[in-house]
1. Got a sec? Which of C:SER245, C:SER229 is of a type in the set (Gly, Ala, Ser) and modelled with pLDDT of 95 or more?
2. Considering each residue of segment A:1-15, count those that are at pLDDT 95 or above and within 9 Å of another protein chain (Cβ to nearest Cβ), and give that number.
3. So which of C:ILE140, C:ILE130 is exposed (fewer than 15 other Cβ atoms within 10 Å of the Cβ) and modelled with pLDDT of 95 or more?
4. Could you look through segment C:63-107, keep only residues that are within 19 Å of the chain's Cα centre (by Cα) and among the aliphatic types (A, V, I, L, M), and pick out the one that is nearest to C:ASN127 (Cα to Cα)?
5. Please go through (1) more than 14 Å from every other protein chain (Cβ to nearest Cβ); (2) over 19 Å from A:THR284 (Cβ atoms) for A:ASN86 and return the number of the only condition it doesn't satisfy.
6. When D:LYS100 is evaluated against the numbered criteria (1) charged (D, E, K, R); (2) surrounded by fewer than 20 Cβ atoms within 10 Å (Cβ to Cβ); (3) in contact (Cβ under 8 Å) with a residue 12 or more places away in the chain; (4) away from every other protein chain (no Cβ under 14 Å), which criterion, by number, is the only one it fails?
7. Does segment B:164-183 include one or more residues that are touching a Ser or Thr at 6+ places or on another chain (Cβ under 7 Å), within 30 Å of C:THR223 (Cα to Cα), open to solvent by 20 Å² or more (accessible area, probe 1.4 Å) and not hydrophobic (A, V, I, L, M, F, W, C)?
8. So, in segment B:1-22, exactly how many residues are buried (at least 21 other Cβ atoms within 10 Å of the Cβ) and not in a strand (DSSP E or B)?
There are 4 protein chains.
Amino acid sequence: MENNENTAIIKIHCPDQKGIVARVTDFINLHHGNIISVDQHVDHEDNLFSMRVSWDLRGFNMPREEIRPTFQKFLGDPYQMKWTLNFTDEVPRMAIFVSKASHCLYDLLARYQSGEFKVKIPVVIGNHNILEPVARQFGIDFVHIPITAETKAEQEKKEIEILQSYKIDFVVLARYMQVLSQDFINHYPEKVINIHHSFLPAFAGARPYHAAHKRGVKIIGATSHYVTSDLDAGPIIEQDIARISHHDSVKDLIQKGKDVEKIVLSRAVKAHIERKTLVYKNRTIIFN
Amino acid sequence: MENNENTAIIKIHCPDQKGIVARVTDFINLHHGNIISVDQHVDHEDNLFSMRVSWDLRGFNMPREEIRPTFQKFLGDPYQMKWTLNFTDEVPRMAIFVSKASHCLYDLLARYQSGEFKVKIPVVIGNHNILEPVARQFGIDFVHIPITAETKAEQEKKEIEILQSYKIDFVVLARYMQVLSQDFINHYPEKVINIHHSFLPAFAGARPYHAAHKRGVKIIGATSHYVTSDLDAGPIIEQDIARISHHDSVKDLIQKGKDVEKIVLSRAVKAHIERKTLVYKNRTIIFN
Amino acid sequence: MENNENTAIIKIHCPDQKGIVARVTDFINLHHGNIISVDQHVDHEDNLFSMRVSWDLRGFNMPREEIRPTFQKFLGDPYQMKWTLNFTDEVPRMAIFVSKASHCLYDLLARYQSGEFKVKIPVVIGNHNILEPVARQFGIDFVHIPITAETKAEQEKKEIEILQSYKIDFVVLARYMQVLSQDFINHYPEKVINIHHSFLPAFAGARPYHAAHKRGVKIIGATSHYVTSDLDAGPIIEQDIARISHHDSVKDLIQKGKDVEKIVLSRAVKAHIERKTLVYKNRTIIFN
Amino acid sequence: MENNENTAIIKIHCPDQKGIVARVTDFINLHHGNIISVDQHVDHEDNLFSMRVSWDLRGFNMPREEIRPTFQKFLGDPYQMKWTLNFTDEVPRMAIFVSKASHCLYDLLARYQSGEFKVKIPVVIGNHNILEPVARQFGIDFVHIPITAETKAEQEKKEIEILQSYKIDFVVLARYMQVLSQDFINHYPEKVINIHHSFLPAFAGARPYHAAHKRGVKIIGATSHYVTSDLDAGPIIEQDIARISHHDSVKDLIQKGKDVEKIVLSRAVKAHIERKTLVYKNRTIIFN
């Protein structure tokens, strides 16, 4: 119901205080905006209020460019809010980083092509060039940036230049097998989404399916999270699991895990695109 | 966070119109109520607005007895709302109907005894007396009301008298194997919660596990719903499932199904007790 | 562990009798076959024995062409077995039927391309030509066979000719929106796999997500089954589900359902390819 | 189908070799035993064969007391098997250890009372006496053994004496909040079943729900495992999960986790009672 052309979305978090919901919805209502959805949450342990509200701009009697300063003055400042405003006709631009595994890339691109994602994907970057044909299948540019321990710093610079030239808003690591540097992450804070092939925090790091098999777990999982400087420890966006048994070898775990990985990553990407994620204290709120 | 002593809960549904969220939250805010949670939903297909809001009454500057008429005048009437107001210190009174199977009864009573349910359970009614010792174990009255085709009408009258004498607010059918008459249901509209041992609408009616086995399904389920005059067709509150295989006989399905039934029923009862369910058009909204 | 080159797989079902497992495994053992896996099941209600056994042909001292007659003589006949023998180096040939929805087709082809399926897919047939580019992306022939009520019989004949010319062993209906005739099905008994977008037997027939939304279920599902002349009533191979809420519109159900559909269909196809399915009494046994 | 009175169950593991399945099933068949079920698994990575076979002793022409020595001579020795033989009329005796939380105890005892578990539970031991009334409700002895750091060694001795006096075969820790000493575990190797309230190996140790909440996971879990000297690191028998959201406080996690804990523990206990578990290399095989 949040159509592409004329909807505004505000996400807020701030210390909890009386009256915030009323004040925010009043702001929209007084200017004749028709609220499409409100989702609100109070974390009573942390005394933190968070909210996502979207409204139809048709009939809203304030020019777009005035919304930000007005909201900041009357609500942002008094309530010490951190907040963002987006318009659904501003389609975010997404890049995908890959290595050799194709399943997540196919899943993302098939959704993209079928119109499920309201996003623009102009480029795929790979540290191997194996998946170049897949990107090409879908008519998307592919840039091969091989990386070694020695070349990492300069190659990451090249990647950032490419992202900037394509005006990329956020990056999806679709089983990209390189650890990003702190410097890279600083360029895209809360803007890099990874899929880790385990049920974090279990089996962080390399070869999680081997570790899961060795430990003899009965369920495997996958975790999509925002990338921070702490490896596999960023705010979790989405997780899911698959049941396994002693019949499953490591190879079977890898195969069954692929299905979980691609679904979990795509759900996380969709939540991000639709501005339904909010990060605080290394956790996420996922709004309805 | 909705404590037992001083919280008010309003549930609303009405035709969708501009400004309702703002008006409702304003109402609370202007009288110095501190909103604990807001959950709102618009069904755009049916143009139906629904909302649940709870607020702390400490500091709220309107006596309890004035809330209803005031809200009706300023909000209920203008917006054509159907709405209910509850206070969390008004503990609802619940009766349980049983036949022979004990698993749901044990699950409900163990939760009750451990304080999970904010409810009062003064009586269990059985058309068999097999489970009388279970009720007694927990110090709860048990009334045996045997029912045959011939005695049904009069026995149901007796049941209603018992419910009234115990001041029962709502009834939970914990694998009660009798179909309630229309007359009985009329006494407790949206106040009788059943657990059906299938994934409705599949396998409505008798012996669903036998039917499921015959059909060769790979997953079984259970469904908790409000009872209406239409058998197994009332508004669904909660469902869940369990995976099965060709190794499972009908007896295995019955056994595995029990775990799903008791968990699903208890979740539904909890949602009802916490005033998180709202029925419209034979469907439910389950608020956060 | 059932490698591609030298493994034999026998699937058996017959009336349960003493000693079958011993006799079958003896047969393999006496001829120096190394058993890779045995999975056996007795349905005591139907007195039906079923078994799948695979063994390494390296060292097996009987020529391939003698296995069938020998097994039939010493085991098939005495125990009234229905049985099949396959060799893993005989790669089955699969056709995919599609209409307009791309998600299942993409999922199947991406797995095919990555080597997950030990199968050969030479052709995709569509009653619309919208997905021709997808087939072409993967280098697979696409044949457009439009169908109307009037042309159905002759067009199905054409389809069968195409399947025969491509030497197709089995057909996967990847959200193909035409009902196959009895005649077509007779050509491919237990060889046509469908995905139905509901948790069968709930919501058989057309527009299941609309029906699910109207009924207010809390969980949706998908079902993959062998096609029989009874619409949506064939033996179920695999099912899975996704949790939904009142926030989900019909459109959301359709979207969330796609993920379940593609995963369920691919699992069913994999089980079929690996000769792990056995049909009896309109049910399936899915071996390990 | 494995009835209580006349079924034998053998569980085997040994290095994988040709012909084991045939030899074992022959052994039963030659003596006119009717095989009820066979489940076999080969771990090709570890070259380990494992098998569970059960057969009806009616008609089996070998006295019970000769089965063990005969099997050892003709199969155990030649194949270097580790194996166990059980008869279903030998009902195992189980003790339950508890602290303060009642949900697992209730779930176990309600199943016991309804006949789901083919077991005898003569005693519950608690380091607190809060749950004494629950045990008494079910007519089961309760022994209160308080434990402090200073008294632990002697109190554990007392526990072992009690277990011996009740002829206990295995122990279930139903949210027992004490760590057992190495000495205690040595008395009951692979005979102590614990439930840990996390999805191991994530959140081992104390206060896992607090840790899960802090980490911001989207799914919580529970793990039942055999207790070894390595805390929370023994062979996993069963795991399951529940989906959570940012709406859930630590208290909510604890509440939702209880449902998972009790179901997971009961499934593990059932598998153990039915001799369906086999431990090797700190992992379990769970037979059908």
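The values are calculated or read from the model by the stated rules, or taken from the named source; none is laboratory data. Model, not experiment: these values are computed from the prediction. Reconstructed Cβ throughout: ideal geometry from the backbone, glycine too, with neighbour counts over all protein chains shown. Ligands, DNA and RNA are stripped out before the accessible areas are found, and what is left, the full protein with its side chains, is counted by its heavy atoms. Shrake-Rupley method; radii C 1.70, N 1.55, O 1.52, S 1.80 Å.
1. Numbers: C:SER229 fails: modelled with pLDDT of 95 or more.
Matching residue, one of C:SER245, C:SER229: C:SER245.
2. Selection size over segment A:1-15: 0.
3. C:ILE130
4. If we take residues in segment C:63-107 being within 19 Å of the chain's Cα centre (by Cα) and among the aliphatic types (A, V, I, L, M), then C:VAL98 is nearest to C:ASN127 (Cα to Cα).
5. (2)
6. D:LYS100 satisfies every listed condition except (4).
7. So in segment B:164-183, the residues touching a Ser or Thr at 6+ places or on another chain (Cβ under 7 Å) come out as B:175-177, B:182.
Subset that is within 30 Å of C:THR223 (Cα to Cα): B:175.
Right, trim to open to solvent by 20 Å² or more (accessible area, probe 1.4 Å) and you get B:175.
With not hydrophobic (A, V, I, L, M, F, W, C) added as a condition, the list becomes B:175.
Yes, the conditions are met somewhere in segment B:164-183.
8. Qualifying residue count for the region: 3.
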